[in-house]
């Protein structure tokens, strides 16, 4: 561990776990509500998918700028305000009177979200001198728990009261989480500000010319495309015959996220030992198997498939996020910001594009598209990623940016 006390180390880890929790608490919370929202606003499945994609496209647009701000002003100085400000559009979404208003506040949620998770990834890559994969896995565990809590809480509250009250309770949790992060997250000890705008532009151009990073960005696009597509349209699949699941039952489908919460920290050690390429390929092979299982009729088989798929995606996300730190020697927040842009463009596409397939050919067509994208992701990693067998590149990058440790 770094030269900090065990208690401070635990608080630091808890802070990044909470950052992941708060970032993903709201982002996908409306997914189990989509059939309810489609009926409420009298729109199609693809139209309801806009409630998800409005936030994810905003994340994609905001992420590079957030990275540049964090590279100049510091990590905690961005993470904490973004978490607390997220309370405002979440509360306002509860007051939306029509779909355009709801989409507007969802878009603002997305604008603020990369200030939490994209910068937290950069914070981890800087502040942990060793066991970065394990630290990143702890953070991803937070995102898993946040995604599960947001979806399940929204579904339960909407079933008992209304979808509007679901957003109110999400805002309360965001506020509590933001205050805890403010108290527990240490100031960055290895952060070195980038003050030149020309330096920012040069960094971005260098990142875009790096084939390993480009492949990682492509993998991020595919990873979130498959995840959002699967967990958006499976709600419509399971609400229809022969399942007829209620909104609350659809929310409990996301209990499968807890499987990922248990496995991902263990997988962090696999990433450190086996390498990023091997870990991602194995993880998405598991996701492919899970995607195929959702074609079966029995509901337990579908739930098992969802568990396999999301667990594989969480491990793949840990591998891709920590791989950025291994192959980036400067401007990590900008590099992560670009990754997040590609990642959430993929998520936005996954929320909308399968809608046309759903309308014409149903769930099997959606599954075929998702499986194709997952296979493409494995191919990108196998062809373009180079093995990184030690923490040396990360140490060298920290030394370059901070001088002598």
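Bear in mind that the values in this text are calculations on the coordinates, not laboratory data. All of these numbers come straight from a predicted model, not from anything done at the bench. Every residue, glycine as well, gets a Cβ built from its backbone with ideal geometry; the counts of neighbours run over all protein chains shown.
If contacts are Cα pairs under 8 angstrom and at least 6 residues apart, what is the relative contact order of segment 109-175 in percent? Working shown, then result.
On the way: 20 pairs, mean separation 10.3, N = 67.
Reported as a whole number, the value is 15 percent.
Run the quick spin-label model on residue 77 and residue 262: label points 7 Å from Cα toward the beta carbon, then report their separation in nm to one decimal.
4.3
Contour minus end-to-end for residue 85 and residue 372, with contour as 0.36 nm per residue of separation and end-to-end as the Cα-Cα distance?
On the way: separation 287, 0.36 × 287 = 103.32 nm, distance 3.80 nm.
Extra length from residue 85 to residue 372 when fully extended: 99.5 nm.
To make sure I understand, if each residue's beta carbon is the centre and we count other beta carbons within 10 Å, what order do 8, 26, 272 fall in, fewest to most? Spell out each step's value before the answer.
Values: 8 13, 26 28, 272 20.
With the sparsest Cβ surroundings first, the list reads 8, 272, 26.
Starting from 0.36 nm per residue, how many nanometres of slack lie between residue 244 and residue 202 once their C-alpha separation is accounted for?
Numbers: separation 42, 0.36 × 42 = 15.12 nm, distance 5.37 nm.
Value of the extension gain: 9.8 nm.
Could you give the angle, 0 to 90 degrees to the nearest 10, between helix 163-184's Cα long axis and the longest principal axis of the Cα atoms of the chain?
Tilt of helix 163-184: around 10 degrees.
Taking other Cβ within 10 Å of each residue's Cβ, how do 189, 11 sort, fewest first? Don't skip to the end; give the middle numbers.
Numbers: 189 12, 11 16.
Ranked by crowding around the Cβ, least crowded first: 189, 11.
Calculate the spin-label point distance for residue 285 paired with residue 8, positioning each point 7 Å from the Cα along the beta-carbon direction, and give it in nanometres.
It works out to 4.3 nm between the two label points.
Please find, in a Gaussian network model of the chain (springs between Cα atoms separated by less than 10 Å), the residue of 85, 224, 112 whose mean-square fluctuation is greatest.
Of the options given, 85 has the highest mean-square fluctuation.
Helix 76-85 versus the longest principal axis of the chain: what angle, 0 to 90°, nearest 10, using Cα atoms?
20
So which residue, out of 157, 383, 367, gets the largest mean-square fluctuation from a GNM of the chain using Cα contacts under 10 Å as springs?
383
Percent relative contact order of segment 1-149, based on C-alpha pairs within less than 8 angstrom and at least six residues apart?
Values: 190 pairs, mean separation 64.9, N = 149.
Computed value for segment 1-149: 44 percent relative contact order.
Working from Cα positions, state the angle (0 to 90°, nearest 10) between the long axis of helix 299-327 and the longest principal axis of the chain.
So the helix axis and the longest Cα principal axis differ by about 20 degrees.
Can you pull the one-decimal nm distance between simple spin-label points at residue 98 and residue 255, each 7 Å off the Cα toward Cβ?
The modelled label-to-label distance comes out at 4.0 nm.
Could you work out the relative contact order of the chain? I mean the mean sequence separation of Cα pairs under 8 Å and 6+ apart, divided by the number of residues, in percent. Kindly include the intermediate steps, with their values, before the conclusion.
On the way: 782 pairs, mean separation 109.7, N = 405.
Reported relative contact order: 27 percent.
Considering only 132, 59, 223, give the residue with the highest GNM mean-square fluctuation for the chain, with springs between Cα atoms whenever their separation is below 10 Å.
132
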